[in-house]
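> Quick one: this structure, given as structure tokens, is what I'll be asking you about.
None of the figures in this text is laboratory data; all of them are computed from the coordinates on show. Only a predicted model underlies this, so the values are computations on that prediction, with no experimental measurement involved.
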């Protein structure tokens, strides 16, 4: 968590989040609520109500006529289905028309504990909404779906295959990420995210970081704002914190 001030802007805050229900991510939730209380605007990555409104246009589906079984082949599909069902309790037959990345993301959620009623980012969103904050997405849901649509299907399929082949290593990696988040080891977390996004860093991280920082600058100059974006977007030479510092803002870590 960071405080943003200086450069003639209004004092604002940034919360690095994870989209998980695991209690490990909620250790400082009351401090996060306090940051939201002190601001007029709450700005998540995107407005969750906007997402609900647009879910009828399912951007998580494969192109018409395509299925996972078709892409993998019947034999490979059955093998991967058996392994994922045994390990994660997830039957990919129900997601045969879904993008491979959706299956990988669902498996990730199955690894982490389901302690809380809603994920951290959704919990913060609901708190802000219930406290009558102005809610403005740093990105739009449509923009996120468009970015998802630019991830090549063969890349997504490769990730799914690698996850199914090395489930123990995949589980270890996800648990390690949650542990790093809980400890506030954000630079190590970022390095892991960057490594896993080899080939997609520009699309998924760097370009989005620039857009986020530009929009955050505008909001900070107008209102005290509390931003809640994925923790992996914050650190690094091309991270949001560095970009905001380059714009003249002071970014101070909120220590425990």
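> In a GNM of the chain with a 10 Å cut-off on Cα contacts, which of 218, 133, 21 has the highest mean-square fluctuation?
Top of the fluctuation ranking is 218.
> With a cut-off of 8 Å between alpha carbons and a minimum separation of six or more residues, what is the relative contact order of segment 125-256 in percent?
The normalised contact order for segment 125-256 reaches 22 percent.
> Turning to a different aspect of this structure: Alpha carbon centre of segment 197-213 versus segment 224-255: separation in Å?
14
> Just want to confirm a number: the relative contact order over the chain, from Cα pairs under 8 angstrom separated by 6+ residues, in percent.
40
> Something else about it: Quick one: grab the alpha carbon gyration tensor of segment 68-152, order the square roots of its eigenvalues as a ≥ b ≥ c, and give me rounded if a/c is under 1.5, else prolate or oblate depending on whether a/b is larger than b/c.
oblate
> If you take the Cα Rg of segment 152-256 and divide it by 2.2 N^0.38 Å, with N the number of residues, what do you get?
Normalised Cα radius of gyration, segment 152-256: 1.24.
> Counting only helical runs of four or more DSSP H residues, what would the 222 nm mean residue ellipticity of the chain come to if each run contributes -39,500 (n - 2.57) and the total is spread over all its residues?
-15500 deg cm²/dmol
> What area, in nm² and to one decimal, does the C-alpha convex hull of segment 2-253 cast on average over all directions? Intermediate results must be reported in sequence, preceding the final value.
Working: hull surface 52.5 nm².
One quarter of the hull surface, i.e. the mean projection, equals 13.1 nm².
> Relative to the longest principal Cα axis of the chain, at what angle does helix 153-165 sit, 0 to 90 degrees, rounded to 10?
Value to nearest ten degrees: 70.
> Kindly provide log₁₀ I(q)/I(0) values, in the same order as q = 0.10, 0.14 Å⁻¹, from the Debye equation applied to equal alpha-carbon scatterers of segment 1-130.
Evaluating at q = 0.10, 0.14 Å⁻¹ gives log10 I(q)/I(0) of -0.48, -0.80.
> In addition: If you take the square roots of the eigenvalues of the alpha-carbon gyration tensor of segment 135-194 and sort them as a ≥ b ≥ c, do you get rounded (a/c under 1.5), prolate (a/b over b/c) or oblate?
Taking the square roots of the gyration eigenvalues as a ≥ b ≥ c, segment 135-194 is oblate.
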